[in-house]
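Below is one structure, written out as structure tokens; comments come after it.
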Amino acid sequence: MCGIIGYVGSRNACEVIVRALERLEYRGYDSAGIAVVNEKLEVSKVVGRVEKLKSRKFEGTIGVGHTRWSTHGKPSIENAHPHVSCDGKIAVVHNGIIENYLELKEELKTHSFKSETDTEVIAHLIEENYSGNLKEAVLKAIKKLVGAYALCVVHESKPDEIIAVRSGSPLALGIGVGENFVASDVSAFIEHTKKTVYLNERELAVVKKNGVELFDSEGKKKQLAIVEVNWDLEQAQKSGFKHFMLKEIFEQPRTVEETSKIKINAELKADKIFITACGTASYAGLVGKYVIERLARVPTEWVLASEFRYSNPIVGRKDLLVVISQSGETADTLAALRLAKEKGARTLAIVNVVDSTIAREADDVVYTRAGLEIGVASTKAFTSQLVALYKIAEKMSGKKMDLSGIPKAIEKILAKDKEITEIARKYFKVYNFLFLGRDVNYPIALEGALKMKEISYIHAEGYAAGEMKHGPIALVTDEVPTVAIAVNDEVKTKIISNIQEIKARNGKIIAIATEGDTEIKKHANEVIYVPKTDALLTPLLTVIPLQLLAYHTAELRECDIDKPRNLAKSVTVE
Ligand code: M6R
């Protein structure tokens, strides 16, 4: 949930690190800090955004940096990383959670602690084990850690090396010429090098200016596996859009087309399928459940990953667990995958980030090929996940889904951006929104509500439209607009009835309807039309106006769209 970076080379480390931290900010942004070795270890921390670090000018060509999403202790200078040892010579940046930190703190009673964080124990533990060899001290220290960590460590007396190690949290090395990098993800160093080494569980790297050495957790030397990442800096920039989220929404005609080209080679035979994920990815999974059951007639259970892992699930050898994750690092999704494997089930991961932990641990992987997604609010990854699920359903059922018209249809909806902005202008001051859908568009109602609340901070509820009369209709007043997905499908007449029930109670309706449906105008205050397509494919279209509505509402409310409060892009803690 935090971003970490290490740099060693010939350039000014402070400048390189601050730039990299800006790219990592999507992982957390409540405080930030940097440590540079320039004869002495110099540390600077700020509460708030990385930008504030720009005024700090340190000399030195080796250092580490951190941007934080708080877990233990509120955002403050004391709790911000890097954390340092008592003698002020060792600096540590950490992403993850150390579960036994209180126990370790007790063991390290003689050390003086300055923060409320779990991370600080690591700096003291390394200090306790240090006798001139930083790698050995880190290897000894990690033996005592319970939990998840990706660490970068520097020592004042070792001005030529960074020790990087991971277990449970991601870490990648960037291999340059006369300089090397360590970071939570590749976007931090992509402007300098595309040559990458993804560290595996419990691997440790000694990173120097002119080389990198890799070791296992016992200190045994290993071979480096360098890969070339297939995306570039352009993808990590806004390219003229005001926000990454808007850029990513507008990329969808291309990304959906790209995902449509994938071939599913995975083994899909199963008595029962479980689909599990978190947040937006889980709603893609719920669409997948409808589609797989409808087309392939294989019983498919949808369950949130955070629930699956503690439910003692009845899953075994004849079952297939499908996990979905943009980042491939979400802690609950990863835990669900590991649990299903333990119980003997086959696992298939639908993942965007290549070589991420989930991708590497699943028996089979389907890459969504949506490209780098930076906006915290997931958009293009969602539609690509849907396409991957349609392809899986196609393969399981032998029935063809015609996705060829979808990119053009999305383009047509994106052309309504101004129209949707005007609708947002009418409603952006409300305190509550309702989102209703049925059947395959029920998950889209959930997703529409999630998008609205996470970036605009307006309370929004997504509901299966038929459930309205069982409680939520009590919320309806003329100040609570309802977004109703009422496209041409088998349940349209049902949803029109639900709309009428809301209208009868003075509720305002924003309908998402199929082009050519003039009748709907009688029932709705606003109508956003989407092109006609196969009813099962409509989620690929109906979600687009909901993304734009959330975006423009948040924009009018002057919210920090790419970095919504309290959130982080990849949730690598439970
Ligand atoms: O990386 P993942 O797809 O596993 O992330 C899952 C959720 O954390 C993510 O979809 C989250 O709900 C987004 N902020 C939604 O926009």
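The values are calculated or read from the model by the stated rules, or taken from the named source; none is laboratory data. Keep in mind the model is a prediction, meaning the values are calculated, not measured. Neighbour counts are summed over all protein chains in view; Cβ atoms, including those assigned to glycine, are modelled from backbone coordinates with ideal geometry. Heavy atoms of the whole protein, side chains included, go into the accessibility calculation; ligands, DNA and RNA do not. Shrake-Rupley method; radii C 1.70, N 1.55, O 1.52, S 1.80 Å.
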Checklist entry - If amide H atoms are built 1.01 Å from N in the plane of the peptide, which residues on other chains or at least 5 residues away come under 5 Å of the amide H of Val146? => result Glu99, Asn100
Checklist entry - Which links in Lys380/Lys416; Lys391/Lys492; Lys416/Lys521 stretch past 24 Å when you go from one Cα to the other? => result Lys391/Lys492
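Computing the accessible area with a 1.4 Å probe over protein heavy atoms, can you report the carbon and sulfur percentage for the range 237-404? Please list the in-between numbers first.
Numbers: 3110 of 6320 Å².
Ligands and nucleic acids excluded, carbon and sulfur reach 49 percent.
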Checklist entry - Over the range 237-404, what relative contact order in percent results from Cα pairs under 8 Å that are six or more residues apart? => result 29
Checklist entry - Expressed as a whole percentage, what fraction of the accessible surface of the range 413-559 belongs to carbon and sulfur atoms when a 1.4 Å probe is rolled over the protein heavy atoms? => result 49
Checklist outcome for this item: The set of residues whose placed amide H lies less than 5 Å from the amide H of Gly462, leaving out same-chain residues fewer than 5 positions away, is Phe435
Checklist entry - Where a Cα-Cα gap under 13 Å defines reach, which aspartates and glutamates qualify for Lys272, not counting those fewer than 8 residues away within the same chain? => result Glu293, Glu301, Asp319
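Order Cys86, Cys14 by their accessible area, 1.4 angstrom probe, all chains in place, largest first.
Values: Cys86 60, Cys14 5 Å².
The ranking, largest first, comes out as Cys86, Cys14.
Within the set of other residues whose C-beta is less than 11 Å from the C-beta of Glu39, count the net charge using Lys and Arg as +1 and Asp and Glu as -1. Present the calculation step by step, with values, prior to reporting the outcome.
Values: positive: Lys40; negative: Glu42, Glu59, Glu156.
That works out to -2.
Do any of Lys54/Lys144; Lys238/Lys451; Lys238/Lys289; Lys74/Lys143; Lys494/Lys522 go past 25 Å between their Cα atoms, and which?
Numbers: Lys54/Lys144 36 Å; Lys238/Lys451 20 Å; Lys238/Lys289 34 Å; Lys74/Lys143 28 Å; Lys494/Lys522 16 Å.
Where the Cα-Cα span goes over 25 Å, the pairs concerned are Lys54/Lys144; Lys238/Lys289; Lys74/Lys143.
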Next on the checklist: I'd like to know which of Phe244, Leu41, Ser115 lies farthest towards the positive end of the charge dipole of the chain, counting +1 on Cβ of Lys and Arg and -1 on Cβ of Asp and Glu.
Outcome noted: Phe244
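Order 87-93, 295-301 from most to least packed using the mean count of other Cβ atoms within 10 Å.
Details: 87-93: 23.1, 295-301: 17.3.
Those peptides, ordered most packed to least, come out 87-93, 295-301.
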Next on the checklist: Projecting each Cα onto the charge dipole of the chain (Lys/Arg +1, Asp/Glu -1 at the beta carbon, about the Cα centre), which of Leu549, Asn230, Ile314 comes out farthest on the positive side?
Outcome noted: Leu549
Next on the checklist: Less than 10 Å Cβ to Cβ from Glu228, Lys/Arg counted +1 and Asp/Glu -1: what total charge do the surrounding residues give?
Outcome noted: +2
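A 20 angstrom limit on the alpha carbon distance is what I want to check against. Which of Lys158/Lys209; Lys412/Lys503; Lys453/Lys569 exceed it?
Values: Lys158/Lys209 12 Å; Lys412/Lys503 29 Å; Lys453/Lys569 15 Å.
Check vs 20 Å cut-off fails for Lys412/Lys503.
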Checklist outcome for this item: Put His83, His523 in order of accessible area, largest first, probe 1.4 Å, and you get His523, His83
Next on the checklist: Can you work out the Karplus-derived ³J(HN,Hα) for every residue in the range 453-469? Use 6.51 cos²θ - 1.76 cosθ + 1.60 with θ = phi - 60°, whole Hz, and x for glycine or proline.
Outcome noted: 6, 6, 10, 9, 6, 8, 5, 9, 10, x, 9, 6, 3, x, 7, 3, 6
Item to check | Principal axis dimensions, largest first and in whole angstrom, of the chain by Cα | outcome: 78, 50, 44
Checklist outcome for this item: Asn100 neighbourhood, Cβ < 14 Å, K/R = +1, D/E = -1, net charge -3
Item to check | Cβ-based charge dipole, the chain, positive-most Cα from Ala460, Ile142, Tyr427 | outcome: Tyr427
